[in-house]
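Written below as structure tokens is the structure these notes are about.
The values are calculated or read from the model by the stated rules, or taken from the named source; none is laboratory data. Remember, predicted model here, so these are calculated numbers, not experimental data. Because the Cβ atoms are built from the backbone with ideal geometry, glycine has one as well, and the counts that use them run over all protein chains shown.
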Amino acid sequence: MVNRLVAEHVAFEYSNGVAALAGASLELARGELVAVIGPNGSGKSTFLRCLAGLLVPKSGTVVVDGEEVVALPPRERACRLAVVPQFLPRLPDVRVQDFVLGGRYAHLGRWRSAKPHDRAVVRAALSSCDAGDVESRLMSELSGGQRQRVLVARAIAQEAGVLLVDEPTNSLDPEHQLAVFRSIAELVAGGRSALVVTHDLNLASQFASRAIVMQAGRTITEGPVDRVLTREVLEPVYGPHLFFGRFANGRPIVVPWADAR
Amino acid sequence: MSSNARRVRLCAVVFVVLLGALFFGSLCFGTTVRFSTGEAWRGLIALLGLGEPLETASRQTILELRVWRALVTIGVGAALALSGGYIQGLFQNGLASPSLIGVTGGAALGAAVAVLIVGGYAPRLVLESLGGNAYLIPLFGFAGAFGTTALVVYLSSGGGRTSVTSLLLTGIAVNMCVAGLFAAIQSLTLENWEVSRAILAWTFGTLDDRSGYHAGVVFSGLALAAACIPFTAVELDLLKGGEADAQSVGVDVKRLKWLAIFAAAVSAAAAVAVAGQIAFVGLVVPHLVRLAIGASHRVLLWLSMLGGAVFLLGAEFAQRWLLGDAALQPGVVMALIGGPFFLVLLVRERKEISAW
């Protein structure tokens with residue numbers, strides 16, 4: 001299996017001198033959905049931004065399809081890596097279809113004009129995320145769940161081989177959490193790769209094939225979910241208040257448990 | 001066609017028709033002679049070398065002066081509004097204007113230095129080596145505007161990246177320094193009536209006695225800035241979700257910032273170099289156009305250009321018509337209209353501003 005995305009010993013320091021990453025590595029293969037888990041402040045989101053080329057690592061390398069991410073021109077990079085942010089710092093005052101069309105930017109020609117093909121890709125992306133009905137609404141009119149699905153739709157329209165997804169299910173109800181993960185899983189089944197940073201260990205358990213655990217800016221363990229989502233691995237990271245169980249299909253369940261020990 | 005596309009088209013048509021009518025009106029009406037439309041048309045044809053000039057040479061001269069005046073007014077209005085469109089897009093703030101990055105203050109300083117040189121404060125050799133003084137003020141105004149903006153951008157881009165906040169703060173600081181120097185020059189020349197009058201007059205802005213040279217300067221700046229539109233408009237739209245978001249879909253944010261600042265500086269610098277300080281066109285016009293047609297920079301920037309030309313030419317035409325000889329300098333008129341307008345904007349958007 002060819003690795004699409006390879007990161008080796010990535011370190012990053014914010015300008016105030018805080019070291020957010022101190023050696024994070026991973027490999028992501030074609031057709032793989034991998035979850036990155038770890039406690040708050042363990043560097044997951046920073047790692048994702050380094051992988052996406054939005055931050056330049058202090059040391060270490062990130063290689064996508066054989067080329068270093070930091071050396072790629074921005075449009076070329078966007079054709080290979082799409083980011084689904086946790087939220088937008090500012091909601092653009094545009095219609096959903098125009099926002100999703102933004103995902104086509106890297107594919108547009110010299111004069112940056114959208115072709116009928118681009119519009120078709122946008123419509124298909126929206127309907128695959130079950131958001132076709134909101135395409136002419138303003139971004140500011142959407143509910144949290146709709147907004148999250150539109151962000152995923154834009155990443156789909158970007159047609160990049162690798163999706164980097166940051167906390168996609170925060171503030172979503174269970175049905176919408178599943179919907180978002182399903183649309184990511186569908187893309188992966190179609191041959192793309194996805195890396196999902198998440199706090200939701202149980203969704204990771206159901207949808208990811210592997211999980212990577214981060215702690216204090218390092219990737220400390222990785223492996224198939226049923227071997228990572230265990231008391232031996234998670235207790236040193238998250239502490240003792242965890243309850244472990246199994247779904248009907250045998251996949252692990254991990255939930256916070258106030259009465260542990 | 002969507003309702004927005006219809007609105008854009010309507011807006012463009014209205015602007016073009018208004019611009020044509022105002023241009024022709026500005027040729028016919030003035031503080032001195034009044035031309036019939038036929039006469040104005042013949043004079044215009046003659047100016048293009050396609051017909052006989054008007055019967056008396058003085059009438060032809062007056063008409064030609066009015067043509068240059070109107071053209072420079074159009075160019076200045078368009079350039080200031082386009083510059084404002086870029087700055088508001090880049091700062092993602094509908095209340096930003098070109099003066100933020102030091103364009104206006106820098107141009108004032110450059111022009112004041114030029115007035116000093118012309119006024120005999122520099123060694124004769126300097127004036128002679130610069131060759132005449134008719135071109136000096138626009139030249140120095142342009143250099144001052146561009147130099148100051150370059151300084152603001154350079155100082156605010158420490159650590160390899162230019163954040164919009166640091167750009168804003170550096171702009172305020174550099175504007176203060178420039179204003180200090182400008183005040184020093186004014187204070188130095190306080191006793192020299194002619195020189196201080198020239199400096200003061202420049203700060204009011206002027207569109208009188210403009211020539212083909214002035215039109216050339218302002219339209220060159222405008223053309224350069226307009227040439228950047230196809231390479232920045234979609235990118236400015238994508239900036240609406242934040243810088244990191246634009247970067248993630250493939251926008252070269254660094255290049256976008258440089259291009260937008262260059263375009264904003266070159267067009268505003270060209271405008272203030274030929275016409276002095278005319279504030280508020282750059283703030284008001286793009287803001288109103290955005291309210292009318294929505295916020296996509298693909299149309300916003302072009303329509304701001306047209307709108308700026310209509311706005312300034314219309315204001316000039318109206319006050320000449322209403323006030324005649326008592327007409328005020330354009331910079332003064334714009335300040336009188338612009339100040340209250342800015343207040344109205346602040347009150348209207350109070351809710352949004354309190355969230356800053």
TODO: Restrict the check to the range B:293-300 and report whether at least one residue is touching a residue at least 60 places away in the same chain (Cβ under 8 Å), touching a Cys at 6+ places or on another chain (Cβ under 7 Å) and either within 14 Å of chain A (Cβ to nearest Cβ) or not in a helix (DSSP H, G or I) (or both).
DONE: yes
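A quick yes/no check of all residues on (1) among the β-branched types (Val, Ile, Thr); (2) assigned to a loop (DSSP other than H, G, I, E, B); (3) in contact with a strand residue (DSSP E or B) (Cβ under 6 Å, 6 or more places away or on another chain):
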residue: B:ALA5; (1), (2), (3): no, no, no
residue: B:PHE15; (1), (2), (3): no, no, no
residue: B:LEU22; (1), (2), (3): no, no, no
residue: B:PHE35; (1), (2), (3): no, yes, no
residue: B:GLY49; (1), (2), (3): no, yes, no
residue: B:GLU52; (1), (2), (3): no, yes, no
residue: B:LEU65; (1), (2), (3): no, no, no
residue: B:THR73; (1), (2), (3): yes, no, no
residue: B:LEU80; (1), (2), (3): no, no, no
Open item on the list: Can you say whether B:ALA327 is at pLDDT below 85 and either on the phi < 0 side of the Ramachandran plot or surrounded by 20 or more Cβ atoms within 10 Å (Cβ to Cβ) (or both), as far as the supplied structure shows?
Closed with: yes
Open item on the list: Can you confirm whether B:LEU239 is in a helix (DSSP H, G or I), within 14 Å of chain A (Cβ to nearest Cβ), within 13 Å of B:LEU90 (Cβ to Cβ) and in contact (Cβ under 8 Å) with a residue 60 or more places away in the chain?
Closed with: yes
Task: Looking only at the range B:48-86, and only at residues there that are among the polar types (S, T, N, Q) and in contact with a helix residue (DSSP H, G or I) (Cβ under 7 Å, 6 or more places away or on another chain), the one that is farthest from B:MET334 (Cα to Cα) - done: B:GLN60
Task: Top-ranked residue in the range A:82-100 [being more than 8 Å from chain B (Cβ to nearest Cβ) and part of a strand (DSSP E or B); ranked as modelled with the lowest pLDDT] - done: A:ARG95
TODO: Please identify the pairs in which a residue from the range B:183-202 that is at positive phi has its Cβ atom under 7 Å from the Cβ atom of a residue that is hydroxyl-bearing (Ser, Thr, Tyr), counting only partners at least 6 apart or on another chain.
DONE: none
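Residue-by-condition table, conditions (1) more than 21 Å from the chain's Cα centre (by Cα); (2) buried (at least 24 other Cβ atoms within 10 Å of the Cβ); (3) closer than 26 Å to B:ILE337 by Cα; (4) not β-branched (Val, Ile, Thr):
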site	(1), (2), (3), (4)
B:LEU222	no, yes, yes, yes
B:ALA227	no, no, no, yes
B:PRO230	no, no, no, yes
B:GLU243	yes, no, no, yes
B:LEU283	no, yes, yes, yes
Task: Unique residue being more than 8 Å from chain B (Cβ to nearest Cβ) and among the small types (Gly, Ala, Ser) when the list is A:ALA106, A:ALA71 - done: A:ALA71
TODO: Say whether the condition of being in a helix (DSSP H, G or I) and at pLDDT below 85 is met by at least one residue in the range B:85-97.
DONE: yes
TODO: For residues that are surrounded by fewer than 24 Cβ atoms within 10 Å (Cβ to Cβ) and more than 14 Å from chain A (Cβ to nearest Cβ), scanning just the range B:259-276, find the one that is farthest from A:LEU138 (Cα to Cα).
DONE: B:PHE262
TODO: Looking only at the range B:287-307, count how many residues are under 17 Å from A:TRP111 (Cβ atoms) and surrounded by fewer than 23 Cβ atoms within 10 Å (Cβ to Cβ).
DONE: 4
TODO: Would you check if B:PHE91 is touching a helix residue (DSSP H, G or I) at 6+ places or on another chain (Cβ under 8 Å) and surrounded by fewer than 17 Cβ atoms within 10 Å (Cβ to Cβ)?
DONE: no
- [ ] Collect the residues in the range B:188-230 that are among the β-branched types (Val, Ile, Thr) and not in a helix (DSSP H, G or I), keeping them in residue-number order.
- [x] B:THR189, B:THR206
Task: Members of the range B:101-127 found to be at pLDDT below 80 and among the aliphatic types (A, V, I, L, M), listed by number - done: B:VAL118, B:ALA122, B:LEU125, B:VAL126, B:LEU127
Open item on the list: Whether any residue in the range A:238-261 is part of a helix (DSSP H, G or I), closer than 20 Å to A:LYS44 by Cα and in contact with a strand residue (DSSP E or B) (Cβ under 8 Å, 6 or more places away or on another chain) is what I want to check.
Closed with: no
Open item on the list: Six or more apart or on different chains, Cβ atoms under 6 Å: show the pairs whose first residue is in the range A:198-225 and surrounded by fewer than 19 Cβ atoms within 10 Å (Cβ to Cβ) and whose second is of a type in the set (Phe, Trp, Tyr).
Closed with: none
- [ ] For B:GLN247, indicate whether it is more than 17 Å from B:LEU80 (Cβ to Cβ), in a helix (DSSP H, G or I) and either touching a residue at least 24 places away in the same chain (Cβ under 8 Å) or under 20 Å from the mean Cα position of the chain (by Cα) (or both).
- [x] no
- [ ] Return only the number of the condition from (1) of a type outside the set (D, E, K, R); (2) within 14 Å of chain A (Cβ to nearest Cβ); (3) under 14 Å from the mean Cα position of the chain (by Cα) that B:PHE204 does not satisfy.
- [x] (2)
- [ ] Of all residues in the range B:30-47, count the ones that are in contact with a helix residue (DSSP H, G or I) (Cβ under 6 Å, 6 or more places away or on another chain) and among the aromatic types (Phe, Trp, Tyr).
- [x] 1
Task: Matching option when the condition is more than 30 Å from A:GLU159 (Cβ to Cβ), within 12 Å of chain A (Cβ to nearest Cβ) and in contact with a helix residue (DSSP H, G or I) (Cβ under 7 Å, 6 or more places away or on another chain), among B:ARG210, B:ARG290 - done: B:ARG290
- [ ] Could you tell me which of the residues A:GLY17, A:GLY31, A:GLY41 is part of a loop (DSSP other than H, G, I, E, B) and within 14 Å of another protein chain (Cβ to nearest Cβ)?
- [x] A:GLY17
Task: A:GLN86 vs. criteria of a type in the set (S, T, N, Q), surrounded by fewer than 21 Cβ atoms within 10 Å (Cβ to Cβ), closer than 19 Å to B:ASP245 by Cβ and in contact (Cβ under 8 Å) with a residue 40 or more places away in the chain - done: yes
Task: Considering residues of the range A:149-185 that are among the charged types (D, E, K, R) and outside any helix (DSSP H, G or I) only, the residue farthest from the other protein chains (Cβ to nearest Cβ) - done: A:ASP173
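Residues checked against (1) within 13 Å of chain B (Cβ to nearest Cβ); (2) in a strand (DSSP E or B); (3) in contact with a helix residue (DSSP H, G or I) (Cβ under 7 Å, 6 or more places away or on another chain):
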{"site": "A:GLY53", "(1), (2), (3)": "yes, no, yes"}
{"site": "A:THR61", "(1), (2), (3)": "no, yes, no"}
{"site": "A:ALA78", "(1), (2), (3)": "yes, no, yes"}
{"site": "A:GLY102", "(1), (2), (3)": "yes, no, yes"}
{"site": "A:ARG110", "(1), (2), (3)": "yes, no, no"}
{"site": "A:ASP118", "(1), (2), (3)": "yes, no, yes"}
{"site": "A:SER136", "(1), (2), (3)": "yes, no, yes"}
{"site": "A:SER140", "(1), (2), (3)": "yes, no, no"}
{"site": "A:GLY145", "(1), (2), (3)": "no, no, yes"}
Task: Given (1) surrounded by fewer than 24 Cβ atoms within 10 Å (Cβ to Cβ); (2) under 16 Å from the mean Cα position of the chain (by Cα), number of the condition B:ARG255 does not satisfy - done: (2)
